[in-house]
Amino acid sequence: MSRKVIALTIGVACVGIGLGVIIGYFSHTPKSPTNPEWVGKVETFFRDVDDDVIGEFLDGIEGNNIRSNLQYFADRPHMATSPRDEELANHIQALWSEQLDSSELKPYKIMHGLLSEDPAKPNVFTVVDENGLEYFTSRQTEIVYDEYMKNPETIVPYFNAFGPPGDVKGKLIYANFAQESDFTALQDMGVNMNGTIALVKYGGGVGRGGKAINAEKFGVIGVLVYSDPANYAVEGEKGYPVDSSLPGTGVQRGSALGDYGDPSTPDYPSTEYAYRVPLEEINQFPPIPLQPIAYEDAEAMLKDIGGQVAPTAWVTGLNVQEIHVGPGFADSNSTREVHLVTNNRYELLTSYDVIGTLKGSEEPDKVIMFGNHRDSWVYGAVDPSSGTSCMMEITRMFAELKKTGWKPRRTLMFGSWGSEEFGLLGSNEWLEEHWTFASERMVSYINLDIAVFANQSFAAAASPLMSKALYSAAQRVTDPSNIANTVKETWLENFPNADNTQPELRKLSTSSDYAPFYQTMGITSADLSYRGNAKRDPRYNISPYPTYHTAYDTFDYVERFVDPGFVAHTAVSKVSGVIMILLSDSLVLPFDVQNFANYVKSQVVATETEFGNSLSANGISLEFLKSAGDKFVSSAESFQNYIDATLDRTDPKDINSVNERLLLLERTFIEPKGLPGQPQLRHVSGSPALTSGSSGSFPGLKDAMFAITPADKKQWELVKQQLALVTYKIETAAQFLTI
């Protein structure tokens, strides 16, 4: 075949193939192009809070469900690590397995301070004469009212966890609240306190263990502590079950541990393989025996005590005409002494946390956590089951939203903590195990311990950064006591801030499971509750509430006296859930950097007002601190303006850049070494000071200044160090917000 024929054949073939392709293309309907799955996910990335989702959540919360939850959780005593406590942990884990994406029952082997296992060895005090003859024996547990108190055989007798075992005998003294100033007053009166046993009241700003520490400094060898009716009862009331006040046999149990977390594994989780500090090297236990007693027993002691008349400020609600301070009993009873025996022990026991997770759809690596402890001293209807009952209704409602196709933008986690009452043990150990996860991924922690102290008004303790989310959520919920108001409006009426412009956000302390999250790690946190306004009603001038940590904290107590109709439980559940939705679904995290900066600036001003003259007189300038405060306020304002006016809400890079700063801003105020004398408290702006008082200065600096004595060069160096530290942290925060 010639080359021309071959070329012609090939050319015809190519034309035919080309015509075939063209004909085929135009003779068939083309397939619709399909985007890969990631394209749809990019589109949903820019979604923001959906008001319809919030509306569905609010409509779905049911007070009757919360009531049923509380009836179940407070049905029987459930002290930490008891069989009932473990039963409740399994119950929660099973529910969350159905409702959420996953759940886990997490065990920790934790040291607990407990009573003797031998019921024949109770904690007791007696009054004895020189021959050992007993004239008085103290009560060991409350009077039981069968119609309200099930399984009374499982009620733990009176004791303070982690109080040391002991057997001491001495003359009785009365020392008011066991403040150092109380013992100093006795010393000034010439009272010989060496070898005595002190009778003191709960309260006065001194914790359980602190009372024993203060007493031991003055030679006291044992402490008896009671709840005085002046602080735990309404005048004219008889006490539960007749009314809401504390009756004469109600006793506040509680932990006397110095810090929070397992004392045998400081800074590390209490795993099976954990190294344990030897018992004799642990320094967090009170130095002398400590025992809570009924106020009817305290009254019997104060009626017989001799010695000088107590200072007029040492008031009591007991039926005693004149209070004397001792030492010892009066007149013919002067040879009698108090014999205190505490058969306490320390033991490693398994405590369970329950963790539930609802995975986020767009930002699953960012986490909002909601927590409440599960264990109680006895029935624990208010503390903590009011919070547990609300939390379970919240997770139920999130499960209902999940069925409709909703998923949170960011991951929601829920924690039912074990062994909180012994010293925030469960939450602290979980956080220590998940330290890196929490420090890098946790946006915020919301705590609901005692959800309802009373049913008058919502209240919150929180980081200033949380104000925007808290106020927005409270504004979306109708107030149960006045349907013309929102929860926020009633909150403002009852608990306004200093200038009456917004509801008050109290400072976070160390009294519940938020402490390791906020005080140790700097995770932006809030603690929510419903409360009563003591300024308007004397019934609420009791802290925290009359039957706190007693066997009379029952379901009946809540239903009849705390929140009839469970309207406050319903409201606080609604506010809590909306806060979770706002934090999880907002495209830009709803944190208020300007409120935070203004709060820090107020601490700068308070420092100058209170300590400026003293610092100046010793050659110490506040100029750098004041300049840092101004920079922080300015950078916060610029940052907020950027969010409001400049931020490109269609650019994931810009959104992530802003959110990362918002997430980590609080962490810039964490000092890894801790505050002076408080190594677990590391937030140089938000942690509580050791020193009591109303100073609004920075806690470490405040404590250093209050410890100053003339010519104390070492203490002045600590002042300079704390001043430089605070200035550095504020400067860092200001730079961190710079776009």
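The values are calculated or read from the model by the stated rules, or taken from the named source; none is laboratory data. Note that the structure is a prediction, hence the values are computed from the model and not measured. Positions of Cβ are generated from backbone atoms using ideal geometry, with glycine treated the same way; all protein chains shown enter the neighbour counts. Each accessible area value is taken on the protein alone, full model and side chains, heavy atoms only, with ligands, DNA and RNA left out. Shrake-Rupley method; radii C 1.70, N 1.55, O 1.52, S 1.80 Å.
Things to note:
- For a label point 7 Å along the Cα-to-beta-carbon line of SER657, residues of the stretch 713-737 with backbone N under 16 Å: 735-737
- Amide H to amide H, with H built 1.01 Å from N, ASP449 comes under 5 Å of LEU528, counting only residues 5 or more places away or on other chains.
- Three-way shape label, the stretch 362-415, alpha-carbon gyration tensor, a/c 1.5: oblate
- Accessible surface of the chain, 1.4 Å probe, proportion on carbon and sulfur as whole %: 52 percent
- Charge dipole (debye, nearest 20) of the chain; +1 at Cβ of Lys and Arg, -1 at Cβ of Asp and Glu: 2220 debye
- Stokes-Einstein D for the stretch 520-564, Kirkwood Rh over Cα pairs, 10 °C, 1.306 mPa s (µm²/s): 124 µm²/s
- Distance cut-off 17 Å, percentage of C-alpha pairs in the stretch 676-716 lying past it: 31 percent
- The separation of the stretch 324-384 from the stretch 480-555, counted between C-alpha centres, amounts to 20 Å.
- If the convex hull is drawn through the Cα atoms of the stretch 307-426, its volume per residue in Å³: 208 Å³
- The angle between the Cα long axis of helix 63-73 and the main principal axis of the chain comes to about 60°, on a 0 to 90 degree scale.
- Trypsin sites (Lys or Arg not before Pro), loop per DSSP, at most 10 other Cβ atoms within 10 Å - longest free stretch of the chain: 32-534
- Distant-in-sequence amide H partners of ALA198 (H built 1.01 Å from N, under 5 Å): ILE173, ILE221, GLY222, VAL223, LEU224
- Area of HIS683 that stays accessible when all protein chains are in place (1.4 Å probe, Å², to 10): 0 Å²
- Using the 1.4 Å probe convention, the accessible area of the chain works out to 41 Å² per residue with neighbouring protein chains retained.
- Proportion of all alpha-carbon pairs of the stretch 589-681 beyond 23 Å (%): 42 percent
- Spin-label model distance (nm) - VAL605 vs THR137, 7 Å beyond Cα toward Cβ: 6.2 nm
- Evaluated at q = 0.16 Å⁻¹: base-10 log I(q)/I(0), Debye formula over Cα of the stretch 231-307: -0.78
- Rolling a 1.4 Å probe over the protein chains gives TYR268 an accessible area of about 150 Å².
- Helix 3-27 and the longest principal axis of the C-alpha atoms of the chain enclose an angle of approximately 50°.
- q = 0.12, 0.19, 0.21 Å⁻¹, the stretch 459-530: log10 I(q)/I(0) [Debye, one scatterer per Cα]: -0.33, -0.76, -0.88
- Our coupling estimate for the stretch 721-731, obtained by passing each phi through the Karplus curve with A = 6.51, B = -1.76, C = 1.60 and θ = phi - 60°, is 5, 5, 5, 5, 4, 4, 4, 4, 5, 5, 4 Hz, Gly and Pro reported as x.
- Global form of the stretch 533-672, assessed from the alpha-carbon gyration tensor, a/c cut-off 1.5: oblate
- Computed with a 1.4 Å probe over protein heavy atoms only, the accessible area of ILE221 comes to about 50 Å².
- Percent of C-alpha pairs per 5 Å bin, the stretch 279-372, short to long: 2, 8, 12, 12, 10, 8, 8, 8, 8, 6, 5, 4, 4, 2, 1, 0
- For the chain, a Kirkwood radius taken over Cα pairs fed into Stokes-Einstein (10 °C, viscosity 1.306 mPa s) yields D = 56 µm²/s.
- In the stretch 441-596, the inverse of the mean reciprocal separation of distinct Cα atoms equals 16.1 Å; this is its Kirkwood hydrodynamic radius.
- Stokes-Einstein D in µm²/s, Kirkwood radius over Cα pairs - the stretch 182-298 at 20 °C with 1.002 mPa s viscosity: 130 µm²/s
- Label-reachable residues, the stretch 713-729, where backbone N falls under 19 Å from a point 7 Å from ALA617's Cα toward its Cβ: 713-720
- Two-site FRET efficiency, ALA120 against ASP648, from Cβ-Cβ distance with R₀ of 60 Å, rounded to 0.05: 0.25
- Once the mean of 1/r is taken over each pair of separate Cα atoms and inverted, the stretch 535-612 shows a Kirkwood hydrodynamic radius of 17.1 Å.
- Local electrostatic count, GLU235, Cβ distance below 14 Å [Lys/Arg +1, Asp/Glu -1]: -2
- Dipole size of the stretch 72-171 about its Cα centre, with +1 on Lys/Arg Cβ and -1 on Asp/Glu Cβ: approximately 320 debye, rounded to the nearest 20.
- About the centre of its Cα atoms, the stretch 132-193 shows a dipole size close to 160 debye [charges on the beta carbon of Lys, Arg (+1) and Asp, Glu (-1) only; nearest 20 debye].
- Stretchable slack from THR271 to ARG536, in nm (0.36 nm times residue separation minus alpha-carbon distance): 90.5 nm
- Ordered by solvent-accessible area of protein heavy atoms (1.4 Å probe), largest first, the residues PHE46, PHE632, PHE177 come out as PHE46, PHE177, PHE632.
- Candidate residues ASP651, ASP304: accessible-area rank, largest first, probe 1.4 Å: ASP304, ASP651
- Positive dipole terminus of the chain, leading residue within ALA94, VAL684, ILE221 (C-beta point charges): VAL684
- Rounded to the nearest 0.05, the FRET efficiency derived from the C-beta distance between ALA484 and GLU637 at R0 = 45 Å is 0.80.
- Accessible area per residue (1.4 Å probe, heavy atoms of protein chains only) ranks PHE596, PHE736 as PHE736, PHE596, with the largest value leading.
- Taking the convex hull of Cα positions in the stretch 383-481, its mean projected area over all directions (nm²): 8.1 nm²
- Dipole of the stretch 200-293 computed with +1 at Lys/Arg Cβ and -1 at Asp/Glu Cβ about the Cα centre; of TYR232, PRO287, PRO266, farthest Cα towards the positive end is TYR232.
- With contributions of -39500 (n - 2.57) from each DSSP H run of at least four residues, the per-residue ellipticity at 222 nm computed over the chain stands at -11500 deg cm²/dmol.
- Of the residues VAL378, SER361, MET391, the one whose Cα sits farthest toward the positive end of the charge dipole of the stretch 352-419, with +1 on the Cβ of Lys and Arg and -1 on the Cβ of Asp and Glu, is SER361.
- Taking every alpha-carbon pair within the stretch 571-613, the share separated by more than 14 Å comes to 66 percent.
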